[in-house]
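Asks: I'd like to ask you about the structure that follows.
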Amino acid sequence: MLQHMEIVRKIHYAAICLAILTAWGILWSPRWLAPVWGKEHHMQLTEQDKKNLHDIARQSIAAGLEKKPPAPFTDVSGVLREPRGAFVTLHLRGQLRGCIGLIEPVKPLATTIQEMALAAAFGDPRFPPLTIQEFRDIDIEISVLSPLRRIKNVDEIQVGVHGLYICQGSRRGLLLPQVATEYRWDRDTFLEHTCSKAGLSPLAWKDPETQIYVFSADIF
């Protein structure tokens, strides 16, 4: 039982944004009733771009701890100004400490990372706000998402490459690509857990009324 609870707790980080719709107003919008289709591709992020995004996340959290607004961007390349969805995950000594994401590309990537870092540190409802003492040991993981792509055949799913977003009516659930890899799930198990995350039957992915979307992520 304890092991099961730990698995549930750990995989919950991939879809925590779905649990705070009204708190942050991030996902609950008409856009989410019909997710945007798009080509599955990664942004051409350089190592410097990735460093800049990590700096933005860390500096934003530091500003939040001091009750100050985040510093404005001064040296952001063109690609970081492109709209893209992303998650920011915080770990403290190997344990999850917060994770919030914006799936749809509605804001510039740099802005998304800035806002999601603050949300992960201070707005994840499962944790108290991050403290200055914890901040010193925090590890930041960023997942930059490709656009969602609706699929008609689950054979299109590549475990270890794709994340899943499943919706049926008002119920929806998401798991990032790395979750299936971490737990060594096969395709059907990944689908079942994503359905459960949406509050659906584990086998709801077989229902013709269920919409299944895939996406990939650049994780660093």
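Asks: From Ser143, Ser196, grab the single residue that is of a type outside the set (Asp, Glu), outside any strand (DSSP E or B) and either surrounded by 14 or more Cβ atoms within 10 Å (Cβ to Cβ) or touching a residue at least 12 places away in the same chain (Cβ under 8 Å) (or both).
Replies: Result: Ser196 is the single residue among Ser143, Ser196 that is of a type outside the set (Asp, Glu), outside any strand (DSSP E or B) and either surrounded by 14 or more Cβ atoms within 10 Å (Cβ to Cβ) or touching a residue at least 12 places away in the same chain (Cβ under 8 Å) (or both).
Asks: If you don't mind, there's one more thing I want to ask. Any residue at all in the range 159-167 that is small (Gly, Ala, Ser), buried (at least 20 other Cβ atoms within 10 Å of the Cβ) and modelled with pLDDT of 95 or more?
Replies: Checked the range 159-167: at least one residue is small (Gly, Ala, Ser), buried (at least 20 other Cβ atoms within 10 Å of the Cβ) and modelled with pLDDT of 95 or more.
Asks: Out of the range 54-73, which residues are under 13 Å from Ile142 (Cα atoms), among the aliphatic types (A, V, I, L, M) and surrounded by fewer than 15 Cβ atoms within 10 Å (Cβ to Cβ)?
Replies: Correct list: empty.
Asks: Could you list, ordered by first residue, the pairs with Cβ atoms under 9 Å in which the first is in the range 42-63 and over 17 Å from Gly98 (Cβ atoms) and the second is of a type in the set (D, E, K, R), at least 6 apart or interchain?
Replies: His42/Asp218; Met43/Asp49; Met43/Glu82; Met43/Arg84; Met43/Asp218; Leu45/Asp218; Lys50/Asp218; Asn52/Asp75
Asks: Moving on. Any residue that is modelled with pLDDT of 95 or more, more than 17 Å from the chain's Cα centre (by Cα) and not assigned by TED's automatic domain parsing to the domain that holds Ile140 - is there at least one of those in the range 210-218?
Replies: Yes, the range 210-218 has at least one match.
Asks: If we keep just the residues of the range 74-93 that are in contact (Cβ under 8 Å) with a residue 40 or more places away in the chain and not charged (D, E, K, R), which is farthest from Ile142 (Cα to Cα)?
Replies: Here the residue is Leu92.
Asks: Which one of these is surrounded by fewer than 20 Cβ atoms within 10 Å (Cβ to Cβ) and among the β-branched types (Val, Ile, Thr): Ile132, Ile100?
Replies: Going through Ile132, Ile100 in turn, the sole match is Ile132.
The values are calculated or read from the model by the stated rules, or taken from the named source; none is laboratory data. Note that the coordinates shown come from a computational prediction; the quantities given were computed from them, not determined experimentally. Reconstructed Cβ throughout: ideal geometry from the backbone, glycine too, with neighbour counts over all protein chains shown.
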